[in-house]
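Here's the structure we're looking at; comments come further down.
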Amino acid sequence: MNKKWIPAGIYCLFIFFLSSQQNLFWIHRVQEEVFGFRTSSFIYHIIEYAILGILMRWASNDTIPLMLFTSLYGVTDEIHQWFVPFRVLSPYDMLANTIGGVLGIYLVGMRRSNHAL
């Protein structure tokens, strides 16, 4: 196994741990709505999954499988939350997870291609 996958794996476990918490009292969530989205939650999810995308892209250059994995992990993360008391399954969060993962993968790929020039 390539050691570059270890940070991504640990981060996936960290996301799972956060999703298992009933009360994330230390995260301030503003319930403002912009275009139907809870802005703070949406942004938090994008950042959370952009980090995952960065770690995944650091470990591999297979862009499409990485995008599929981060998107699927974001969906299963939300399904997991459905079974945690006081947490909910949110399609908006699924979308934010996918956007964040793809963004992180894209940013690292773009940076790598600029260094290759």
- Message: For the structure I just gave you, tell me whether residue 13 is surrounded by 13 or more Cβ atoms within 10 Å (Cβ to Cβ) and at pLDDT 95 or above.
- Response: no
- Can you tell me how many residues in the range 16-49 are at pLDDT below 60, under 18 Å from the mean Cα position of the chain (by Cα) and among the charged types (D, E, K, R)? 2
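The rows are residues; the columns are (1) surrounded by fewer than 18 Cβ atoms within 10 Å (Cβ to Cβ); (2) closer than 17 Å to residue 21 by Cβ; (3) in contact (Cβ under 8 Å) with a residue 40 or more places away in the chain.
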site	(1), (2), (3)
62	yes, no, no
65	yes, no, no
68	yes, no, no
76	yes, yes, no
81	no, yes, yes
93	no, yes, yes
99	no, no, yes
103	yes, no, yes
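The values are calculated or read from the model by the stated rules, or taken from the named source; none is laboratory data. None of the values given here were measured: they were computed from a predicted structure. Neighbour counts run over all protein chains shown; Cβ positions are idealised from the backbone, glycine included.
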